[in-house]
Every structure is written in structure tokens, then in C-alpha cells.
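Structure first, commentary second.
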Amino acid sequence: MVEDGYNFAYLDEQTKRMIRRAILKAVAIPGYQVPFGSREMPLPFGWGTGGIQVTASIIGPDDTLKVIDQGADDTVNAVSIRKFFARTAGVETTERTEAATIVQTRHRIPETPLGAGQILVYQVPIPEPLRWLEPRETETRKMHALQEYGPMHVRLYEDIAHFGHIATSYDYPVRVNGRYLMRPSPIPKFDNPKMDRSPALQLFGAGREKRIYAIPPHTEVRSLDFDDHPFEVQKWADVCAFCGSGDSFLDEIVTDDRGGRMFVCSDTDYCSRRREAGCTGPAMQAAGPGEA
Amino acid sequence: MQPDAVPPLLSARGVTKFYDGILGCRDVSFEIWPGEVLGVVGESGSGKTTLLHCISARLEPTAGTVEYMTRHDGPADIYRISEPARRLLMRTDWGFVHQNPREGLRMGVSAGANIGERLMAVGARHYGNIRHAATDWLDKVEMDTGRMDDLPITFSGGMQQRLQIARNLVTAPRIVFMDEPTGGLDVSVQARLLDLLRGLVSDLGLAAVIVTHDLAVARLLSHRLLVMRRGEVVESGLTDQVLDDPQHPYSQLLVSSVIHP
């Protein structure tokens, strides 16, 4: 039920229309940053206001919402945002990726592949990929307009010169539809291939920087690289300690002050579903059956 | 001196620049042929740098035209061609060496990346090749290739200036604009840099416009000279001719002001 005193999904209708117009434009020009009149939200800029405004503008009473933060459904930010929409829009919420129609995310793309009809909403801190090398907005816009993206490789060059490989591991720059250079928000580069030709619609909202951009379904997304240093994703020598998964993004958890550590899936939904299905990892096997 | 068959690389006609009513430079015309070095001398505030910016597409003049002989499309007015074409010219066919290397370098990235940037900007995507070109150019400007991965802030002024020159020359430009390239360097470093510049310019057949207030620099590097005062060219001619037999009273003053140790 929508709580009394709120308009549906918190924002007023005119604001939602304005944001929808920006979203439509963003979808029409994949990767292009569309300015929009970002509103004050009941939480600070930097806590996901861009993503919340995008979600608020596209959500309907029949939608099912999932919110993740660093892959987890049960962290403060994810719980608060989920509760926010449950109160102000009265929508159903879920932790199951395939049951959601809208997934709002910070720092991860779910391991379970998204399907057609689903929408992934990213929270974006800094939308401009060229900002680190050019502080002027007028100049970065011009560089986008003229596709002057060569200097972006300088950063990758520096990585190889200093570390021997491309060490940038998150917010890894991509080229969308062969045209616009785009920052995928601080997701690990492990998730970059999931954006490529995804059947789901991907929307990016930057609240403080007042920009919205999008990747329409089935759009090509290429990560920048060098001919002799091709793009690669992270790999781990371990598997998830709980579910034994060897192909998901793993978080390293320090368990004591004597060098003890374990690796677990960052996607909590994916991990618990695998455990329900009977998969176990090293930690579970050591603890013995029946304790999971 | 030049055979008529060879067209000038760059020609300025009546270049005039006012800064909101204040004169920058007035009615300057000249031509530069491929491989020629033109010196622009004059006192502080005489409009040398304004002129340099006007002819290098950095500052649109109030009046007058600047024509550049492009590689494929013949002469083009640099302020009438499309912006993408102009920006492409600026980072491939042209170089610009600032007086303060900090303005021309990316201080936050290594020397190698500074040299490689222009290559990457025109589409180089092979790390090994970029690295090779960077090593090559560090060597050409007589820098220790072992410092390739160091930041320019760890370099001395003379090294930074040489790095800036390497960064500009890596795309094999046809003309380089230099604004006081030896300013702020001590005399022995200046001498080495001048030596290097002279060698590079003649080896690569570069055309160059060098703005300087130092007549010794002008004499060493340039073939022809423009003497500027209060925004206007008061005298022009072959370098030796202007410096050894100045005609205009201001040129005479300028030449006689130099202290010979």
C-alpha cells in the first residue's frame, strides 16, 4: 500500500515526466549523457539519488523491485531503498533476480543473466569518463562530439607501464554502440561483458552530477584495450567458500588476525540459491553437513 | 630565395587582434615555406605571443586570414575549416611548445605516456609500438630512456622542455610553433636545447615559428626574422641581415641592448 501523504513513488508527476523524457533521449542515443533536473531526495547525494529518481520515474504498481548494493540484498543502502519504494509506491520487492522487473544496483550486475523485459538501474557517482583528463565540461562535451577518445588510452598505457597489465579493475571505460565513451559506474570489470548485448534495458542515473544515460537492449558494449593487451576480467584461484561457485565475482573476507581469509560470492542471491540447490563450498564441507 | 613552384606552408595576411579594444597585434603578414624557421623578436608586450596564438589556431584574430597548406586538400583558411579538421591538424600536423613545459605536458602521467598520447589520439592501439616510439623519441631528445616511466614533475626544467618537444614531434608534424622555448633555463641547458632544436629542425625538415626575446636564440635557430613593437612588425628580413644591419630605429635599439660578455 502507498503510505498516505506521498505521491506514487515519491516524486511528483511533472518531475517523473521530465525524467522520463531524459530517459527516452538517453535510450535513443546509447551512451550519451543527458542532463536532467535532478531533485533533492530524502537521502544525501552520493547515496544513490540518481538511481532512485530513475527507478521512481519508471516504476509502476505492477513492478517487482530488487535492490542490491555491492551484490548484496541485505546491506543498509539496499534495505533502505527497497523499503523506500515499498512505502512510497507500494510495490512488491524481491531478492530473486529473475523475479524482479526492475533491479536497482550499486557496484554490481547480478550473476543471474537478466532477460528481456527487465530493467537494470545503476547508481552513478561520476558519469563523465573523460573527467580525469579534462576538467572542463565544455571541452569534454566537445571531445564526445568529435569522438576524440584517444587520450583515454593514456590511462591504460600508464597501467601497463607501471604494473605490466591493465590494472584498472572497476569503472572500466567502455565504448557503447561504437560511438560514445561511457563510464559503467563503479562495477568491477568482471561485469563489463555482461553489459554487452544484454537483452535487458540498462539505465544509469547520476543524481549529484545530474546526468542520465542508457544502454538499450542488445547494444554492443566494448571495453577499451590495446591490441597486444586485450581486455581481461578478474580471475580467482579459490571458489566461493559457501556455494563452491568458481565463476562468480568473489569478495575476500578476512576472518581473523592470523592471516585467515575466505572468498565468498558478492551476489548473495546467487550464492544462497546455489546452496538451496545443494551446492556446497569448502567452508560448508569443513563445518560438516546440516549446518548450512 | 624560394622557387616559385613551391607554395608556402603557412601564410598570414593582415592578422590583427584586439582584446576588447586593446591592441594585441596589427596587420601582420608573412609566409613560411617548408623547412624554414621564422623568428619573432621584440620586447615584452609587443604582441609576439598573440601573433603566435593567432597563427596556430588557438586564438581567432579580429581581422585577417591564416592559410595553411594541408597535405591533401591544398591551402585552407584555418579558421574556416571545420572544427574537427582543425583539431586534427593541431594534434597531427602541428606542434606547440609552451614556454612553461607544465602547460604543454600532462604532469600526472609518465614521460612515456606524454609522448604516446598524441599517437593514441590518432588511433595507435598497440602498446608495444607506442612504447617503442616513446623510447625512440626520448633517445632523440637526449634523455635517459630509463626515466620513461617517471612523472614529469620529477624532471628538471630542461628535461621537461625536451620531453615537451618529443611529445610534439612524435606525430611527425610539418610545422612547430614555439613560445620562448628556452625561457627560464640556465645558459648551459639553453645551449644544449638550442643545439638539439637546431639538429631536429634540420634533420626533420620542420618549419617552425619561434617567438623569443633572446636575440641569440633567434640568430642560432631562425632563417628569417620579424621584429615586433607595439603590436606591429617594424622590420623583417634574413636573420643575419636584420641583426647585423638593422634599419629601423627600434631594431637598432634592440640589437644594441644586447650585452656581449
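When DSSP beta bridges are limited to those with both residues in chain B, what percentage is antiparallel, rounded to the nearest 5?
55
Just counting partner chain Cβ atoms within 10 Å, what average do the residues of peptide A:21-30 show around their Cβ?
Mean number of neighbouring Cβ atoms from other chains: 0.
Please give the average number of partner chain Cβ atoms lying within 10 Å of the Cβ of each residue in A:160-166, rounded to a whole number.
3
If you build the Cα gyration tensor of region B:198-261 and take the root of 5 times each eigenvalue, what three semi-axes come out, in whole angstrom, biggest first?
So the three semi-axes of region B:198-261 are 22, 14, 10 Å.
Quick one: what do you get for region A:87-223 if you divide its Cα Rg by 2.2 N^0.38 Å?
Here the Cα radius of gyration is 1.12 times the empirical estimate.
Taking the number of other C-beta atoms within 10 Å as the exposure measure, put B:Arg167, B:Arg147, A:Arg108, A:Arg197 in order starting with the fewest.
With the fewest neighbours first, B:Arg167, B:Arg147, A:Arg108, A:Arg197 line up as A:Arg197, B:Arg147, A:Arg108, B:Arg167.
Rounded to a whole number, what is D in µm²/s for region B:119-261 from Stokes-Einstein with the Kirkwood radius over alpha-carbon pairs (37 °C, 0.692 mPa s)?
In µm²/s, the coefficient is 193.
What is the projected area of the convex hull of the Cα atoms of region B:56-111, averaged over all directions, in nm²?
Value for region B:56-111: 5.2 nm².
Per-residue Cβ counts within 10 Å, from other chains only, averaged over A:144-155: what number is that?
Average neighbour count from other chains, rounded to a whole number: 5.
Please turn the phi angles of region A:21-33 into ³J(HN,Hα) values with the Karplus equation 6.51 cos²θ - 1.76 cosθ + 1.60 (θ = phi - 60°), one per residue in order, whole Hz, x for glycine and proline.
Karplus values, whole Hz, x for Gly and Pro: 4, 4, 5, 4, 5, 4, 5, 6, 10, x, x, 7, 7.
Mean shadow of chain B, computed from the convex hull of its alpha carbons, in nm²?
The orientation-averaged projected area of the Cα hull of chain B comes to 14.7 nm².
Rg and Dmax of region A:234-292 over Cα atoms: what are they, in angstrom?
That works out to 11.2, 33 Å for Rg and Dmax.
Each residue of region B:125-139 in order: what ³J(HN,Hα) in whole Hz does its phi give by Karplus 6.51 cos²θ - 1.76 cosθ + 1.60, θ = phi - 60°, with x for Gly and Pro?
Each residue of region B:125-139 in turn: 10, 10, 4, x, 5, 4, 4, 5, 5, 5, 4, 4, 6, 4, 5 Hz.
Between 0 and 90 degrees, rounded to the nearest ten: what's the tilt of helix B:83-92 against the longest Cα principal axis of chain B?
70
Based only on Cα atoms, what mean projected area does the convex hull of region A:22-181 have, in nm²?
If I average the Cα hull's projected area over directions, I get 11.0 nm².
What are the ³J(HN,Hα) couplings of region B:239-250, residue after residue, when phi is run through the Karplus curve with 6.51, -1.76, 1.60 and θ = phi - 60°? Round to Hz, x for glycine and proline.
4, 4, 4, 5, 7, 8, 9, x, 9, 6, x, 5
Amide H neighbours of A:Ala72 under 5 Å, at least 5 residues apart or on other chains, H built in the peptide plane: list them.
Those lying under 5 Å, H to H, from A:Ala72 are A:Thr268.
Name all residues of region A:55-82 having a backbone nitrogen under 16 Å from the label point set 7 Å from the Cα of A:Ser169 along its Cα→Cβ direction, giving them as ranges.
It comes to A:70-71, nothing else.
Dividing the Cα convex hull volume of region B:1-141 by residue count, how many Å³ per residue is that?
With only Cα atoms used, region B:1-141 gives 163 Å³ per residue.
Could you tell me the relative contact order of region B:30-189? Use alpha-carbon pairs under 8 Å, at least six residues apart, and round to a whole percent.
The normalised contact order for region B:30-189 reaches 28 percent.
Before rounding to the nearest 500, sum -39500 (n - 2.57) across all DSSP H runs of length at least 4 in chain B and divide by the residue total; then give [θ] at 222 nm in deg cm²/dmol.
-11000 deg cm²/dmol
Rounded to the nearest 0.05, what FRET efficiency do A:Asp62 and B:Val122 have when you use their Cβ-Cβ distance and R0 = 51 Å?
Here the calculated transfer efficiency is 0.50.
Suppose the chain between A:Asp159 and A:Val76 were pulled fully straight at 0.36 nm per residue; how much longer would it get relative to their current alpha carbon spacing?
Length gained, A:Asp159 through A:Val76: 26.5 nm.
So for region B:155-206, considering every pair of alpha-carbon atoms, how many percent are separated by more than 15 Å?
Of the Cα pairs, 43 percent sit more than 15 Å apart.
Restricting to chain A, what percent of DSSP beta bridges are antiparallel, rounded to 5?
Bridges in chain A that DSSP calls antiparallel: roughly 60 percent.
Viscosity 1.002 mPa s, temperature 20 °C: Stokes-Einstein D of region A:1-83 from its Kirkwood Cα radius, in µm² per second?
153
Any number yet on Rg/Rh for the protein assembly as shown, C-alpha, Kirkwood?
1.11
Just to be sure I understand: with springs between alpha-carbon atoms less than 10 Å apart, which residue in B:Gly45, B:Gly157, B:Gly35 has the highest mean-square fluctuation in the Gaussian network model of chain B?
B:Gly45
Check which residues have an amide H placed less than 5 Å from B:Gly35's amide H, if you skip close sequence neighbours.
B:Ala207
Per the Debye formula with a single identical scatterer at each Cα and no solvent contribution, what log10 I(q)/I(0) holds for region A:102-175 at q = 0.22 Å⁻¹?
Cα-only, vacuum Debye calculation for region A:102-175: -1.04.
Dividing the alpha-carbon Rg of chain A by 2.2 N^0.38 Å yields what?
1.04
How much of the pair distance distribution for region A:217-258 lies past 12 Å, counting alpha-carbon pairs only, in percent?
That fraction is 74 percent.
Around B:Leu226, which amide H atoms from residues at least 5 apart in sequence, or from another chain, sit under 5 Å from its own amide H, with H modelled in the peptide plane?
Counting only residues 5 or more places away or on other chains, the set is B:Gly39, B:Val40, B:Val41.
Can you give the translational diffusion coefficient of region B:66-196 in µm²/s, computed by Stokes-Einstein from the Kirkwood radius over Cα pairs at 10 °C and 1.306 mPa s?
Answer from the Stokes-Einstein relation: 103 µm²/s.
Provide the percentage of antiparallel DSSP beta bridges, counting only those with both residues in the protein assembly as shown; round to the nearest 5.
55
Using a simple spin-label model with points 7 Å from Cα along the Cα→Cβ vector, what separation in nm is obtained for B:Asp244 and A:Phe231?
6.4
Rule-based calculations on the coordinates, nothing more; no lab input. Since we're looking at a predicted model, the values are computed, not measured. Cβ coordinates were reconstructed from backbone atoms using ideal geometry, including for glycine residues, and neighbour counts include every protein chain displayed.
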